[in-house]
Amino acid sequence: MKYGVTLLSASDANQYLALKLRALQEEPDMFALSFEEYADTSVAEAAQQLMATADSFVLGAFSQSNELVGMVEFHRRGLRKLRHLALISGMYV
């Protein structure tokens, strides 16, 4: 199966929310956030989380049938001397 990786945007919020909830439910020990804490998140809130900046964005892996099957979050450090460092989190496939 072939996959494509792309920057997620607000238009991906429904699929992102569903995948994140699935990840939190299936692999609770792999995330700092719990399913219960995220379960009340609305699609609008998920869309806000997908608003990319130069320092923060979410990548998604899509199947050939355009289903979101993976995600990873990227957050660059804020301090000038540490801007070459980033935190990669929320990875799930």
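The values are calculated or read from the model by the stated rules, or taken from the named source; none is laboratory data. Quantities reported herein were computed from a predicted structural model and do not represent experimental measurements. Quick reminder, even Gly has a Cβ in these numbers, built from the backbone with ideal geometry, and neighbours come from all protein chains shown.
Please verify whether L8 is under 12 Å from Y92 (Cβ atoms) and at pLDDT 95 or above, treating the condition exactly as stated.
Numbers: under 12 Å from Y92 (Cβ atoms): no; at pLDDT 95 or above: yes.
Spelling it out, it is not the case that L8 is under 12 Å from Y92 (Cβ atoms) and at pLDDT 95 or above.
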### Query
What helices (runs of 4 or more DSSP H) completely inside segment 1-65 contain at least 3 residues that are touching a residue at least 24 places away in the same chain (Cβ under 8 Å), surrounded by 15 or more Cβ atoms within 10 Å (Cβ to Cβ) and not hydrophobic (A, V, I, L, M, F, W, C)?
13-26
## Note on the structure
Counting only residues in segment 66-93 that are of a type in the set (G, A, S) and part of a strand (DSSP E or B), the one surrounded by the most Cβ atoms within 10 Å (Cβ to Cβ) is identified as G90
### Message
Please verify whether L68 is hydrophobic (A, V, I, L, M, F, W, C), in contact with an Asp or Glu (Cβ under 8 Å, 6 or more places away or on another chain) and in contact (Cβ under 8 Å) with a residue 40 or more places away in the chain, treating the condition exactly as stated.
### Response
yes
